[in-house]
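To start, the structure under review is shown below, and the notes come after it.
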Amino acid sequence: MSLGFYEKGKHAVRFWLLRRLPPCKEMVEIVSQSFERPLSLRERIIVKLHFWICVWCQWYMEHLKMLRKSLRAKADQIPEMDSALSPGLSFEARERIKRQLSGGK
Amino acid sequence: MSEAQVTAKVAIPDPGIWVDQYGDYLFKYAMFRLRDSYAAEDVVQETFLAALRGYENFQGRGSERTWLVGILKHKITDHYRRITREAPLGEGQEEEGPEHPEFFTRTDGWDNHWNNNYAPTEWHANPAQLVEQSDFWRVFHECLSPLPKRTATAFTFREVDGLKSEEICEMLGITANNLWVMLHRARLHLRNCLEMNWFKREAGRVEK
């Protein structure tokens, strides 16, 4: 089925916008900075408009939010979960620290 | 219930037992932020020494581990301040991380927009469950490892510890602009790497 008049119009507007807004490469930088500083009004409008036509950049924002949320929520459990990080204190270091601690009494 | 806390009030703990009980946790905590096992051993030792000296300040309030982590955080901060003071890094002397131009290279006239092969896809994951899977952490570390150490550390301080930008800049001796570039590169790289090596595979597993 061919697109209706309204749909065609929407497509044309989106295409027109996509050509005039900053490209995704610049958008992801602004999106990243939105986690660090308040965006200017102009930037906020650009992000809103860009998100309206680009689901990729929307998802990009979602993913950054999700990563931050999950990492921060469980920050204190990470060393326990994280068997990949390192096996823990080596035997030598453990003994050395124990010696230091009992010597420092 | 708080038996450990009550006994802790009475006597200074046996340092040997202490090290066995909390040593690994503190060491891993420090490794995540220092990425250097010698430095991590040092700050863990300093933490235990400081904790032993100031034990009367603890007096069984809250969890012992949380208290130790509090001290460790200060030691890690001191470590970075010392390094920054001793060898201040000029602007641009160290790389911030990969730029990944291939993510935004297209040949159809839409250059600088997402290349279809690298464009984000929808993630079907519960953030809370994510961090409880040890496989996820293996992938996470593999994804962080190609980043310059300083960039990975800045990312950890910001996204895991939630430190303020100003604190991180002061610790690492960098400007806010510098930090933003580092965080942007880290996010760009990590998001893609996690998607390729974790989220897409997880999605495949669910479909089967």
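A few comments on the model shown:
- Comparing B:ASP42, B:ASP135, B:ASP161 in a Gaussian network model of chain B (Cα springs below 10 Å), the most mobile by mean-square fluctuation is B:ASP135.
- Test item: Cα-centred dipole of the stretch A:9-58, Lys/Arg +1 and Asp/Glu -1 on Cβ, debye: 280
- Note on A:LEU39 and B:ARG53: with the Förster distance fixed at 45 Å, the Cβ-Cβ geometry gives a FRET efficiency of about 0.45.
- Lys, Arg +1 and Asp, Glu -1 on Cβ, resulting dipole of the protein assembly as shown about Cα centre, debye, nearest 20: 800
- Peptides A:14-25, B:18-29, B:168-179 ordered by packing proxy, namely the average of other Cβ atoms within 10 Å per residue, highest first: B:18-29, B:168-179, A:14-25.
- Ordering A:LEU41, A:LEU64, A:HIS11 by Cα displacement along the dipole of chain A toward the positive end leaves A:LEU41 in first place; charges were set at the Cβ atoms of Lys, Arg (+1) and Asp, Glu (-1).
- The mean number of Cβ atoms from other chains found within 10 Å of a Cβ in peptide A:72-78 is 6, as a whole number.
- Three-way shape label, the protein assembly as shown, alpha-carbon gyration tensor, a/c 1.5: prolate
- Cross-link pairs exceeding 21 Å between alpha carbons, from the set A:LYS69/B:LYS164; A:LYS65/B:LYS75; B:LYS73/B:LYS149; A:LYS25/B:LYS149: A:LYS65/B:LYS75; A:LYS25/B:LYS149.
- Only helices reaching 24 angstrom along their own axis (Cα) with mean Kyte-Doolittle hydropathy no lower than -1.0 count here, and for the DSSP H runs of chain A these are A:55-73.
- Local electrostatic count at B:ASP20 - Lys and Arg +1, Asp and Glu -1, tallied over other residues with Cβ under 9 Å: +1
- Contact order normalised by residue count of chain B, Cα under 8 Å, 6+ apart, percent: 21
- Selection from B:ASN116, B:ILE168, A:PHE91, by position along the positive dipole direction of the protein assembly as shown (Cβ): B:ASN116
- Cα gyration tensor, chain B - rounded (a/c under 1.5), prolate or oblate: oblate
- A simple charge model with +1 on the Cβ of Lys and Arg, -1 on the Cβ of Asp and Glu and nothing else charged puts the dipole of the stretch B:84-178 at about 140 debye relative to its Cα centre.
- Partnerless cysteines, meaning none of the other Cys C-beta atoms lie under 4.7 Å away, in chain B: B:CYS169
- Selected from B:ASN192, B:GLY16, A:VAL55, residue furthest toward positive end of dipole (the protein assembly as shown; charges at beta carbon): A:VAL55
- Protection-proxy order for peptides B:110-118, A:33-41, each taking the mean of Cβ atoms within 10 Å per residue, highest first: B:110-118, A:33-41
Readers should treat all values here as calculations from the given coordinates under stated rules, not as data from a laboratory. Note that this is a predicted model, so its numbers are computed, not measured. Please note: Cβ atoms are built from the backbone with ideal geometry, for glycine as well, and neighbour counts cover all protein chains shown.
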